[in-house]
Each structure stands twice: as structure tokens, then as C-alpha cells.
Amino acid sequence: MLDIMKKYKGSIILLITALIWGFAFVFQKDSMNHIGPFTFLGIRGLIAGIILIPLSFLLENKNTEKEISYKSEIIIGLLSGLFLFLGSAFQQIGLVKVSATKGGFLTSTYIVFVPVLGLLFKKKTSVKNWLCATLALVGFFIMCSGGAFNNSKSLLPEGMDFVVLMGAVFFALQIIVIDKFALKVNATRLNGYAFLLVGIVSSICALFNEILTLQGLKSSIVAILYVSIFSSCIAYTLQIVGQKYTKPEVASLIMSLESVFALLGGVMFLSETLKYYEIIGCSIIFICVIVSQINFKKV
């Protein structure tokens, strides 16, 4: 059992990450009834950054030789934060016109964008993982088909759909940046810099576009704390650690399970029910994730 956990420790860490992110949708959905999206992202980012950056220095092993300078860490962290902010912002703006279910499907396309964009950085992807990514995307389509597309004029992206797709591209770029530098940086500090940038830029956007009330803040405080501490501080740090031991295309597949866990979270906490097409879609995605972990040459 221990040998299996060591062999798949990266995948297990990323699975826990997806679980935390998935259940966060329950809190995020409720918070949007009380505060604006940029206000939510701003407070979340600032809390995470303020916690993580000092913590990273306290926990740092002074006897360990650094592979990269603090200045380079800041630059990498801000680059990761820029892509994280752009992905979140484009997704949120697109969701003003696009249904949440269809938006979830369009966002999940990052599982295909990761290997495609990886080619620009000379990252080759096996045929097996290409197939897994493509079939997982089919699973997402089936999972979302009932609620997302029945009332749509076209199954092809149109209008604000492309805005959500742009968000998926930026999420893919963030995964690629982490893959390139994860082994060289302090994961906690990198995450802290990224969220500090998200918090500052989101707060500026909120200042010009949204109004925050004390009542709105009180009503969303539980959601803010969950997403700030669990989703941002813990899960995004686990993402960086998990990607140290996992190929980026496989990591994106595992992390895409957040949509499946979000669906299960709705069933568990919001009294929603699973439709037959959602069960089929979830099953396909789970199978693709499992197959991506198998080395058939050794079987």
C-alpha cells in the first residue's frame, strides 16, 4: 500500500486538490448572491497571499540550497498569478451570459489546451494521454449536455462562449508555468505571490465595478474563508507540489475532476439529483483519469 502511495503520490495529491476545488463551487455559488465576482476574487487573493508569503519563510529550511533566487521566484509567482487572474476573470465575465453548466464544460477544455500548448515548449504527449484528454472532453460534453445545450441555438461556441474559452487557455498556461518551475521554487511562496497579484488586481477591478456592503460581506464570510484557506492556500499549494511528480497533461486530467466533485457536492449539500447523462459523463471522465495513470508497457 505504501509503495502504491509513493508511486502515485503526485496523482493522489492532485486528486485531493480537485476534491477541495470541486466542493468549493458549493460555497462560490452561494457567495455570488451577496457580493460581486471581483470582490470575491480580491478578498480571497489578499487573504491567501498574506497568509502564504510569511508562512513560506517561516517553514523554509535554511540549510537547503536554493535552486533559484528570491527575485526569480517573485517573477515566476507573478506570471502564474497573471494567468490565474486572467483565467478566473475571463471565466467570470463569460458566465454573465453563458449558463454555469455550459461554462463548466467550456472551462474543462483546458485538458486539451495543456498538451496543445505544451508542444510550444517542446513537451511531447503520448498517444494514450491525447486519447484520454479527448475522451474526457467527450465525457464533460455528455455530463453537461442536458442542462447546458438543450436550450442553445448551436453546440458550437458563440459570443461570450469564446470569452470562457479564453479563460480555459489561461488556466492551461498556468498549469504549464507550474510544470516548468515546480521543482525549482518554494511551492508555498510561489502560490502566495500568485494570489497576492490576483487579490490586488481583482480588488482594483472591484473598486471601479462593484459595491461591497457590510451585510453582503457577513453573508459570504464562510464561503470566503473556505475558498481563501482551503481552495487557495491549501489546494493551489498542493497543485504545485503534485505537479512536481506528474506530467502536465495527466495533471490537468486529474484536476479536471473538480467539475465532477462539484456535481457531487451539489448532490450532497444542495439536494440536487444526478441525471443519467451526468452519471455516464462522470464515469467516462473517471475511466480516462484511471487509464492515464496506467503504464501499459509494464502491465
Check: What are the residues in region 70-87 that are polar (S, T, N, Q) and surrounded by 22 or more Cβ atoms within 10 Å (Cβ to Cβ), if any?
Finding: 80
Next item on the list: Report yes if residue 221 is within 17 Å of the chain's Cα centre (by Cα), modelled with pLDDT of 85 or more and farther than 20 Å from residue 74 by Cβ, otherwise no.
Entry: no
Next item on the list: Can you run down the residue pairs with Cβ atoms below 8 Å, 6 or more apart or on separate chains, where the first is in region 248-277 and farther than 30 Å from residue 120 by Cβ and the partner is polar (S, T, N, Q)?
Entry: 267/273; 277/145
Margin query: I'd like to check which helices (runs of 4 or more DSSP H) are fully inside region 1-74 and have at least 2 residues that are out of contact with any Phe, Trp or Tyr (no Cβ under 7 Å at 6 or more places or on another chain) and modelled with pLDDT of 75 or more.
Written below: 9-31, 37-59
Check: Inside region 16-34, can you point out the residues that are over 17 Å from residue 233 (Cβ atoms), open to solvent by less than 40 Å² (accessible area, probe 1.4 Å) and aromatic (Phe, Trp, Tyr)?
Finding: none
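The values are calculated or read from the model by the stated rules, or taken from the named source; none is laboratory data. This is a predicted model, so every value here is computed, not measured. So basically every Cβ, Gly included, is an ideal-geometry build from the backbone, and we count neighbours across all protein chains shown. For the accessible areas, the whole protein counts, side chains as well, though only heavy atoms, and no ligand, DNA or RNA atoms are used. Shrake-Rupley method; radii C 1.70, N 1.55, O 1.52, S 1.80 Å.
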